[in-house]
Amino acid sequence: FFRPPVTMAGVKLDSKLDFLAPSAQCIKPVQTKRKPVRLDSETTSIIDEVALKEAVKVSLNDCLACSGCVTTAESILVQEQSIEEVYKQLTENKEMEKRGERPRKLVASVAPQACASIAAYFRCPLMEAFQKLTWVLQSRLGVSVVMDTVWAQNVSLLEISREFVDRYRRHQQDGAASPMPMLASACPGWICYAEKTHPGLIPLISTAKSPQAVLGTVVKRYFAQQWGLAMDAIYHLSIYACYDKKLEATRDDFKVDGVRETDCVIAASEVVDLLKREELEWAAIPLAPVGDHVATYLSEEMAQWDETSEFESSGGYLEFVMRYAAKELFGHTIQGPLSYKQRRNPNWQEVSLEVDGQKVLVFAIAYGFQQIQNVTRQISGKTKAKCAYHFVEVMACPSGCLNGGAQIKASAQQTEETNKDLLKRVE
Ligand code: SF4
Ligand code: SF4
């Protein structure tokens with residue numbers, strides 16, 4: 001029942017006796033001992049010996065739902081949020097029609113990271129992936145409206161930036177009574193980790209909703225009102241690059257008057273299963289016309305998402321908040337790309353803004369649990385180095401959302417291509 005880890009963040013454990021072999025993918029600490037090994041009479045090498053006397057058992061309490069793998073309990077949630085559930089809704093809709101009732105209206109939102117994964121897998125431009133996916137959703141699943149999540153991401157970015165400026169000003173006034181850094185809130189894997197292992201950090205986490213949650217609110221409130229429907233007469237299907245978005249969708253925080261804002265989350269990898277089930281050949285799928293603001297909503301930025309820099313591919317929180325805060329707090333417009341300084345590896349980087357020779361803003365990205373632990377140790381005062389950050393974009397997956405556990409794996413393609421190659425093309 002254990003499949004060995006692959007290069008992308010993605011191991012699936014699917015037995016009640018979930019067992020995890022020591023792996024760089026899991027943040028559960030594994031003790032290592034440095035040991036010299038003689039290779040021949042002249043050469044010795046140092047190896048890290050894993051001091052593991054027994055199998056590492058992962059219970060739900062240990063597991064942080066970081067998307068690095070999926071354990072049994074998560075599998076149940078994953079099953080509840082699957083293509084199967086969408087088909088069940090379609091059957092239920094037919095039954096409702098027979099009973100003379102109005103069927104639930106399906107609205108789908110598509111994340112650019114999921115589209116990038118589909119585009120890389122089928123070797124086509126991102127917009128072609130979006131248009132073909134739109135055709136499948138409308139023609140085969142009866143979805144009434146398809147939209148991208150980029151505009152919801154913009155709402156989320158603006159919200160988090162305003163909150164940052166407010167917190168920064170309060171910190172300048174009150175000092176330690178209004179602590180910093182502010183930590184990004186869009187990654188459900190990171191939120192789950194913080195809640196389980198660092199509850200003391202929760203007040204530092206932004207209160208801004210993630211793009212999926214923003215979209216869910218708009219679909220269930222605004223569209224319901226526009227269409228004269230009750231909120232539960234709409235079924236919101238979200239297509240994301242992340243299994244943890246399924247967990248996010250089921251949280252009580254994302255219900256409006258007891259109605260879920262997002263009813264079902266389908267991962268990019270499950271789109272391949274959907275095509276197989278519908279017996280569709282990618283090349284033969286027509287391009288749906290998009291952007292008519294009736295059956296489809298397309299953000300301008302979605303059409304140019306291919307040009308997004310690697311640091312914006314997880315939502316661009318650091319980039320946006322830095323530029324917004326520089327302008328709002330110091331009247332400074334940052335021209336050109338930000339200058340990143342790498343710390344221990346590419347998953348931990350810093351950016352700062354100097355005004356009159358003083359560092360006034362120091363931001364960081366921390367991708368993957370190793371780097372999250374490095375940063376959270378600093379914030380909690382468990383290291384000699386004091387945390388100098390004002391904002392940290394925290395994401396659970398190494399390399400961020402483009403390497404999400406639910407992206408399509410190279411193995412699904414049955415070619416010689418490795419997951420690393422595929423990730424490069426997604427980027
Ligand atoms: S989900 Fe993450 S924390 Fe949980 S067992 Fe898998 S890799 Fe470890
Ligand atoms: S980094 Fe992105 S893909 Fe990974 S768990 Fe967080 S939101 Fe999901």
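What's the extension gain from R343 to Y222 if we count 0.36 nm per residue and subtract their Cα-Cα distance? Mind showing how you got there, number by number?
Working: separation 121, 0.36 × 121 = 43.56 nm, distance 4.35 nm.
Length gained between R343 and Y222: 39.2 nm.
For region 360-402, what does the accessible surface come to per residue with a 1.4 Å probe? Please give it in Å². Before the final figure, lay out each step's value.
Working: 1490 Å² over 43 residues.
Here the per-residue accessible area is 35 Å².
State which entries of K246/K276; K105/K246; K209/K341; K327/K359; K209/K359 exceed 18 angstrom in Cα-Cα distance in the structure shown. Write down the numbers at each step before the final one.
Numbers: K246/K276 22 Å; K105/K246 20 Å; K209/K341 28 Å; K327/K359 15 Å; K209/K359 29 Å.
In this structure, K246/K276; K105/K246; K209/K341; K209/K359 exceed 18 Å between Cα atoms.
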What's the ranking of 390-400, 173-183, 138-148, 332-342 by average number of surrounding C-beta atoms within 10 Å, highest first? 390-400, 138-148, 173-183, 332-342
Given points 7 Å out from each Cα along the Cα-Cβ axis, report the T207 to E95 separation in nanometres with one decimal. 4.1
Length added when fully stretched, Q79-R123, from 0.36 nm per residue minus Cα-Cα: 13.0 nm
So the label point goes 7 Å from the Cα of E328 along Cα→C-beta, right? Which residues of region 389-406 then have their backbone N under 18 Å from it? 390-394
For Q172 paired with V294, estimate the spin-label separation in nm (one decimal), with each label point 7 Å from Cα along the Cα-to-Cβ line. 5.1
Mean accessible area per residue over region 105-165 (1.4 angstrom probe, all protein chains present, square angstrom) is 25
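The values are calculated or read from the model by the stated rules, or taken from the named source; none is laboratory data. What you see is a predicted model; the values in this text were computed from it and never measured. All Cβ positions, glycine included, derive from the backbone under ideal geometry; neighbour counts span all protein chains shown. These accessible areas exclude ligands, DNA and RNA; they are computed on the full protein's heavy atoms, side chains included. Shrake-Rupley method; radii C 1.70, N 1.55, O 1.52, S 1.80 Å.
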